[in-house]
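Notes follow the structure.
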Amino acid sequence: MMMRVLLGLLLCLPGVVAAALPAGLELTAQMERASVPACPREQARQLELHWRNGEVSGSLDYLGLDLACSRSGNQGAQGESDALSLLLTLPPVDFSIEHFMLHLPDRALSGPARLRHRDGDIIVHWQAENGPLSITLTPEQGGWRWRGELPGNVLLPSLSKPVSMQGYWQPGQGLQVAFDTALPEPLTGRLSLDGQLNITADGWRWDPASRLTIDRLSWRQLRLNELVLQPAGALPLTGIGHWILRWQGGHWQQQHLPGAQLTLALDDHRHGTITLELDPKLKVRTDWRWQEGLALTLPPQSLSLAKMAAWLNRWITLPELNVEQGELVLSGRAENVLDGEQPLTLTLALKDGRLRRGELYAQGVKGQVEVVRHNGQLSLGRHSGLTIAELNTGVPVTNIHGSLSWRDNSPWLSGLTANVLDGRLALSPMRLSTHLRGELHLQDISLARLLNLSAVPGLTGDGSLHGRLPFVLNDRISVQNGRLWGDDGWVSYQAGESLTETAADNLSLGLTLGMLKDLRYDRLNADMSMSEDGEAIIMTRLQGRAPVGGQLHPVNFNYRHQENLLQLLASLRFAEQLSERLPARLQGGTE
């Protein structure tokens, strides 16, 4: 009150007694201290008012304002009418402030400032240690409406550019705050806040309706759209607690990414956990730590292979697999995920897989992929590989083993071997992509078992076959320029009654059937091709000896065979399933 009386006298002097005062006269009024009892840190010290040449100005040695103070004793609007009342108590003149201190809930900012009054607004220009700050405060209905520009690092340490902000507050209501700014490098995008802070018995709390949004986030080759971050409940102003982040799809390189949600738990500003929710029943948890970068630790955790495959099918085209059983185990570690030069390891292990695609069936599927990033380069760990106990294509293939590697910016399958028809097969190193091209090598394949598959009555034989089958696999498989060969075996064909009767009147047919009763070959060669629809042509050439006229004579036998191998394999699979299920049905089973 005394200050306002002095100010009134100073403001009246020019019009009343200026003519009677000597030229060059200056007047000064001083006040040692002013404070707000409800907020001890809100005070003014060493206030002076100066009258010079008909103008009044002011100076303050210290002005402190406390935004963390609850003036009402948490009783709503009652008692909050003195919020920031120290500003209203000051005379409506311009002030220079030697030391302006702004108390926030988790820190205090200080520096010299200038305070101006213009058309009912209070304008503060402030040089804080974080950078220049400008705020315009407008008293409104017992509260304040404010707008201004703050240093970005006042809000987040990583924001280096100034941030334009605005807000509104009235006694008994929450504090409305909004801002919009660019994301810090190396990220690109716009960061916007539409938030509300409520005062509670525990201090200021973020309202669950608050939203932090990014229209489009870009980082390296990653793009995410319409990100929204919101508190999972009423959280303290420091942000400690649980937050929910959602996004509406995006891209990694040229690959589309689906929308998802993650829960970010802040134990403090340096560490916590992240739970990525790909699906209500498919969640991945990661521990994070901020220490000169974002370090992530993915503890080992199991996911259903069937649920993971179903989620992947929403955004990428996978082969039509029916996952009957299987478990994925994830683990990993990154020293700084934001730095492409820092080490990163991600391990995916598959256990007890059982898969089916149409009539194809695989069981005992297990494997591991270890993705390693070192010095900015991706590779696969030496333990990356795949094992399948049995793959039933109509021809059982067992003990499949292969290793995975990374080269030329792509995954490769190499060293794959398996057992088939009492022999072995091996696959040349093959680049894994949507269009596969490779070469299958066969060794010691049993001719006897191969002829049994053909299901030709009366056809038997024995020997070992070797071969190479170049193939292309898009949606379907095709073979071009395939070759089979073998040495020292035999083939026997015992013709049926009808064909034998026909051969009695056909000398050429009779000689051929006679040779095929016991053809002992020294060399077998076959050329093979198969189109995508499964239609195969096999040209076979046999060199050896066969009985003619009761004696063995050298022979060269050529044979062209055409058959749909895919249909043959399907019929073999059907026959095997029938042989498994029929006894159960005959015995009253339910299969």
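The values are calculated or read from the model by the stated rules, or taken from the named source; none is laboratory data. All of these numbers come straight from a predicted model, not from anything done at the bench. Every residue, glycine as well, gets a Cβ built from its backbone with ideal geometry; the counts of neighbours run over all protein chains shown. Ligands, DNA and RNA are stripped out before the accessible areas are found, and what is left, the full protein with its side chains, is counted by its heavy atoms. Shrake-Rupley method; radii C 1.70, N 1.55, O 1.52, S 1.80 Å.
Starting from residues that are farther than 16 Å from GLN368 by Cβ and open to solvent by less than 50 Å² (accessible area, probe 1.4 Å), keep the ones in the stretch 397-416 and report whichever is modelled with the lowest pLDDT. Step by step, filter the stretch 397-416, then rank; the result is SER410. Annotation for the stretch 346-364: at least one member residue is assigned to a strand (DSSP E or B), open to solvent by 70 Å² or more (accessible area, probe 1.4 Å) and among the acidic types (Asp, Glu). Of all positions in the stretch 277-287, none carries a residue that is exposed (fewer than 15 other Cβ atoms within 10 Å of the Cβ), free of Cβ contacts under 8 Å to residues at least 40 places away in the same chain and in contact with a strand residue (DSSP E or B) (Cβ under 6 Å, 6 or more places away or on another chain). The single condition from (1) under 24 Å from ILE240 (Cα atoms); (2) under 22 Å from the mean Cα position of the chain (by Cα) that ILE199 fails is (2). Contact annotation: residue pairs with Cβ atoms under 8 Å, 6 or more positions apart or on different chains, pairing a residue in the stretch 372-386 that is assigned to a loop (DSSP other than H, G, I, E, B) with a partner that is hydrophobic (A, V, I, L, M, F, W, C), are GLY381/VAL371; GLY381/VAL372; SER384/VAL369; SER384/LEU404. Considering (1) farther than 18 Å from ALA306 by Cα; (2) crowded, with 18+ Cβ neighbours inside 10 Å; (3) hydrophobic (A, V, I, L, M, F, W, C), the lone condition that LEU378 does not fulfil carries the number (2). Residues of the stretch 159-172 that are in contact (Cβ under 8 Å) with a residue 60 or more places away in the chain and at negative phi: TRP169, GLN170, PRO171.
You will find that of GLN494, GLN543, the residue that is in the same structural domain as ASP444 (by the TED database) and farther than 23 Å from ARG468 by Cα is GLN494 and no other. All of (1) surrounded by 13 or more Cβ atoms within 10 Å (Cβ to Cβ); (2) free of Cβ contacts under 8 Å to residues at least 24 places away in the same chain hold for ASN558 with one exception: (1). Summed over the stretch 164-187, residues that are modelled with pLDDT of 85 or more and touching a helix residue (DSSP H, G or I) at 6+ places or on another chain (Cβ under 7 Å) total 1. Among the residues of the stretch 188-217, those identified as polar (S, T, N, Q) and at pLDDT below 90 are THR188, GLN196, ASN198, THR200.
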